[in-house]
1. Spot the failing condition for Pro49; the list is (1) in a strand (DSSP E or B); (2) exposed (fewer than 10 other Cβ atoms within 10 Å of the Cβ), and only one is missed.
2. Please enumerate the residues belonging to segment 49-79 that are polar (S, T, N, Q) and within 24 Å of Phe33 (Cα to Cα).
3. Hey, any hits in segment 10-19 for a residue that's at negative phi, at pLDDT 90 or above and in a helix (DSSP H, G or I)?
Amino acid sequence: MAAYATTRLSSKGQVVIPEEVRRTLGLNEGDQFLVIGQGDAVILKTITPPKIEEFQELLSQARAEGRKARIRKASLKSAIARVRRRAK
(Lines give C-alpha, C1' and ligand atoms only; values in the text may rest on other atoms or scores of the structure.)
Protein backbone atom coordinates (compact mmCIF):
# COMPACT_ATOMS: atom_id res chain seq x y z
CA MET A 1 0.00 0.00 0.00
CA ALA A 2 1.35 3.43 -0.98
CA ALA A 3 1.97 5.88 1.83
CA TYR A 4 0.89 9.43 1.12
CA ALA A 5 0.13 12.67 2.92
CA THR A 6 0.30 16.40 2.29
CA THR A 7 3.05 18.79 3.35
CA ARG A 8 4.20 22.37 2.67
CA LEU A 9 7.34 24.02 1.39
CA SER A 10 8.99 26.27 3.99
CA SER A 11 10.46 29.71 3.29
CA LYS A 12 13.87 28.01 3.29
CA GLY A 13 12.81 25.50 0.62
CA GLN A 14 12.48 22.64 3.10
CA VAL A 15 9.81 19.96 2.96
CA VAL A 16 8.87 17.77 5.91
CA ILE A 17 8.17 14.15 5.04
CA PRO A 18 5.25 13.22 7.31
CA GLU A 19 5.97 10.74 10.10
CA GLU A 20 3.63 8.06 8.74
CA VAL A 21 5.36 8.12 5.36
CA ARG A 22 8.82 8.04 6.98
CA ARG A 23 7.80 5.10 9.13
CA THR A 24 6.20 3.20 6.24
CA LEU A 25 9.26 3.68 4.04
CA GLY A 26 11.79 3.13 6.83
CA LEU A 27 13.37 6.58 6.40
CA ASN A 28 15.76 7.83 9.05
CA GLU A 29 17.53 11.07 9.93
CA GLY A 30 20.51 11.55 7.66
CA ASP A 31 19.12 9.50 4.75
CA GLN A 32 20.09 11.02 1.42
CA PHE A 33 17.88 11.49 -1.62
CA LEU A 34 18.16 12.09 -5.31
CA VAL A 35 15.70 14.88 -6.20
CA ILE A 36 14.06 14.81 -9.63
CA GLY A 37 11.77 17.57 -10.82
CA GLN A 38 9.69 16.98 -13.92
CA GLY A 39 6.61 18.97 -14.91
CA ASP A 40 4.65 19.53 -11.71
CA ALA A 41 6.11 16.46 -9.96
CA VAL A 42 9.00 16.27 -7.49
CA ILE A 43 10.35 12.78 -6.90
CA LEU A 44 12.60 11.87 -3.97
CA LYS A 45 14.57 8.64 -4.45
CA THR A 46 16.57 7.36 -1.50
CA ILE A 47 20.26 6.87 -2.15
CA THR A 48 21.54 3.69 -0.60
CA PRO A 49 25.20 2.79 -0.89
CA PRO A 50 25.85 -0.68 -2.27
CA LYS A 51 26.72 -3.46 0.12
CA ILE A 52 30.40 -4.38 0.04
CA GLU A 53 29.60 -7.58 -1.88
CA GLU A 54 27.68 -5.60 -4.52
CA PHE A 55 30.52 -3.09 -4.74
CA GLN A 56 33.06 -5.89 -5.22
CA GLU A 57 30.92 -7.31 -8.05
CA LEU A 58 30.69 -3.88 -9.73
CA LEU A 59 34.44 -3.46 -9.37
CA SER A 60 35.06 -6.89 -10.94
CA GLN A 61 32.78 -6.02 -13.86
CA ALA A 62 34.54 -2.67 -14.39
CA ARG A 63 37.95 -4.35 -14.35
CA ALA A 64 36.80 -7.00 -16.84
CA GLU A 65 35.43 -4.31 -19.17
CA GLY A 66 38.69 -2.37 -18.84
CA ARG A 67 40.71 -5.44 -19.78
CA LYS A 68 38.39 -6.15 -22.71
CA ALA A 69 38.81 -2.57 -23.94
CA ARG A 70 42.60 -2.83 -23.38
CA ILE A 71 42.64 0.20 -21.10
CA ARG A 72 45.95 0.56 -19.29
CA LYS A 73 46.45 2.16 -15.87
CA ALA A 74 48.68 4.85 -17.37
CA SER A 75 46.07 5.91 -19.93
CA LEU A 76 43.39 5.91 -17.23
CA LYS A 77 45.51 8.13 -14.97
CA SER A 78 46.15 10.45 -17.92
CA ALA A 79 42.42 10.70 -18.73
CA ILE A 80 41.61 11.48 -15.08
CA ALA A 81 44.26 14.21 -15.01
CA ARG A 82 42.84 15.79 -18.22
CA VAL A 83 39.32 15.85 -16.79
CA ARG A 84 40.51 17.33 -13.51
CA ARG A 85 42.40 20.08 -15.38
CA ARG A 86 39.21 20.95 -17.33
CA ALA A 87 37.14 21.05 -14.13
CA LYS A 88 39.27 23.84 -12.65
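1. Failing condition for Pro49: (1).
2. Initial filter on segment 49-79 (polar (S, T, N, Q)): 56, 60-61, 75, 78.
The one that is polar (S, T, N, Q) and within 24 Å of Phe33 (Cα to Cα): Gln56.
3. yes
Quick grid of which residues meet (1) within 20 Å of the chain's Cα centre (by Cα); (2) farther than 30 Å from Leu9 by Cα:
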site	(1), (2)
Leu44	yes, no
Glu53	yes, yes
Arg63	no, yes
Ile80	no, yes
Lys88	no, yes
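The values are calculated or read from the model by the stated rules, or taken from the named source; none is laboratory data. It should be emphasised that the depicted structure is a prediction, and the values quoted were computed from it without experimental measurement. When we count neighbours, we look across all protein chains shown, and the Cβ atoms used for this are built from the backbone with ideal geometry, even at glycine.
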